[in-house]
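> Before I ask anything, here is the structure I am working with.
The values are calculated or read from the model by the stated rules, or taken from the named source; none is laboratory data. The structure displayed is predicted, hence computed values, not measured ones. As a convention, Cβ positions derive from the backbone with ideal geometry for all residues, glycine included, and neighbour counts pool all protein chains shown.
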Ligand SMILES: CC(C)(COP(=O)(O)OP(=O)(O)OC[C@H]1O[C@@H](n2cnc3c(N)ncnc32)[C@H](O)[C@@H]1OP(=O)(O)O)[C@@H](O)C(=O)NCCC(=O)NCCS
């Protein structure tokens, strides 16, 4: 059996290594900076997790909480995240999780990205949040852009029914739904800067606050079983 990465909450002392992970993972000029991660951990320490494997960091995920209405379009990553710093964008009362950053290096054991994402799901379930959303990249779109619009690209499937884009496949397998295209979302030449809204509705969310305490143990158990089956 392949050894798994250990997922844990990040601390300030991880920042230098997190930046190493970022630089190994993202195309040139797209990685988050040290200033961004210092700010994210300071603003919302529970919103940054790292994956540790054989004594080094191989992955990181960062998210914030916000109020969000699905009918209101997200404009750009920079606007939604206060330029990646989260000072003005994180709302501790927000009922929606907004994914800011997810990275797993080529050295990370398989499923590290999915397991980091699951940690965000665990947070949402534990805190009874409505949903998680993020703007995903579509890094293979450039190869198809002379043949189809980004909307057509997102709808197109391989014969076995999977989306053409590796990143969209990744999020779809993790249970997220594909939403609308967001032009100019993130400066990424491979995606021609198009993003796609990805949505996960928390199946355990309960509106009635009195019911929360009753439902929570079942929600946590249900999620645990789901992870055991999936990973
Ligand atoms: C997306 C990412 C976190 C996935 O991490 P991971 O540990 O490889 O994920 P898993 O092992 O759980 O899943 C593997 C799947 O990731 C998908 N994937 C997503 N982006 C990918 C990429 N750039 N290259 C290869 N596979 C990618 C593929 O669908 C792959 O499955 P497949 O090979 O069967 O098609 C990682 O590839 C990464 O850091 N990419 C660059 C940064 C990025 O784009 N982050 C997401 C921002 S929205």
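> With the structure loaded, tell me whether residue 113 is closer than 27 Å to residue 226 by Cα and without any contact (Cβ under 8 Å) to a residue 60 or more places away in the chain or whether it fails that test.
It is true that residue 113 is closer than 27 Å to residue 226 by Cα and without any contact (Cβ under 8 Å) to a residue 60 or more places away in the chain.
> Being within 16 Å of the ligand (Cβ to nearest atom), part of a helix (DSSP H, G or I) and in contact with a helix residue (DSSP H, G or I) (Cβ under 9 Å, 6 or more places away or on another chain) is the requirement here; does residue 19 meet it?
Yes; evaluated as a whole, the condition is true for this residue.
Table: residues versus (1) more than 20 Å from residue 124 (Cβ to Cβ); (2) assigned to a loop (DSSP other than H, G, I, E, B); (3) away from the ligand (no atom under 16 Å from the Cβ); (4) at pLDDT below 95.
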residue: 71; (1), (2), (3), (4): yes, yes, yes, yes
residue: 74; (1), (2), (3), (4): no, yes, no, yes
residue: 78; (1), (2), (3), (4): yes, no, no, no
residue: 89; (1), (2), (3), (4): no, yes, yes, no
residue: 92; (1), (2), (3), (4): no, yes, yes, no
residue: 100; (1), (2), (3), (4): no, no, no, no
residue: 108; (1), (2), (3), (4): yes, yes, no, no
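> Then there's this: So, in the stretch 110-145, exactly how many residues are more than 16 Å from the ligand (Cβ to nearest atom), farther than 23 Å from residue 188 by Cα and part of a loop (DSSP other than H, G, I, E, B)?
Residues flagged as more than 16 Å from the ligand (Cβ to nearest atom), farther than 23 Å from residue 188 by Cα and part of a loop (DSSP other than H, G, I, E, B) within the stretch 110-145 amount to 4.
> Follow-up. Would you mind finding the one in 166, 183, 203 that is loosely packed, with under 14 Cβ neighbours inside 10 Å, at pLDDT 90 or above, within 30 Å of residue 83 (Cβ to Cβ) and in contact with a helix residue (DSSP H, G or I) (Cβ under 9 Å, 6 or more places away or on another chain)?
183
> Would you mind stating whether residue 63 is surrounded by 13 or more Cβ atoms within 10 Å (Cβ to Cβ), within 16 Å of the ligand (Cβ to nearest atom), assigned to a helix (DSSP H, G or I) and at pLDDT 95 or above?
Against the criterion (surrounded by 13 or more Cβ atoms within 10 Å (Cβ to Cβ), within 16 Å of the ligand (Cβ to nearest atom), assigned to a helix (DSSP H, G or I) and at pLDDT 95 or above), residue 63 does not qualify.
> Residue check: is residue 184 under 19 Å from residue 73 (Cβ atoms) and out of contact with any strand residue (DSSP E or B) (no Cβ under 7 Å at 6 or more places or on another chain)?
Details: under 19 Å from residue 73 (Cβ atoms): yes; out of contact with any strand residue (DSSP E or B) (no Cβ under 7 Å at 6 or more places or on another chain): yes.
Yes, satisfied.
> Six or more apart or on different chains, Cβ atoms under 6 Å: show the pairs whose first residue is in the stretch 22-36 and under 18 Å from residue 51 (Cα atoms) and part of a helix (DSSP H, G or I) and whose second is modelled with pLDDT of 95 or more and within 13 Å of the ligand (Cβ to nearest atom).
From the stretch 22-36, the pairs are 22/31; 22/32; 22/103; 23/31; 24/105; 25/103; 25/105.
> Limited to the stretch 179-194, what total is found for residues that are within 13 Å of the ligand (Cβ to nearest atom) and assigned to a strand (DSSP E or B)?
Total satisfying the criteria: 1.
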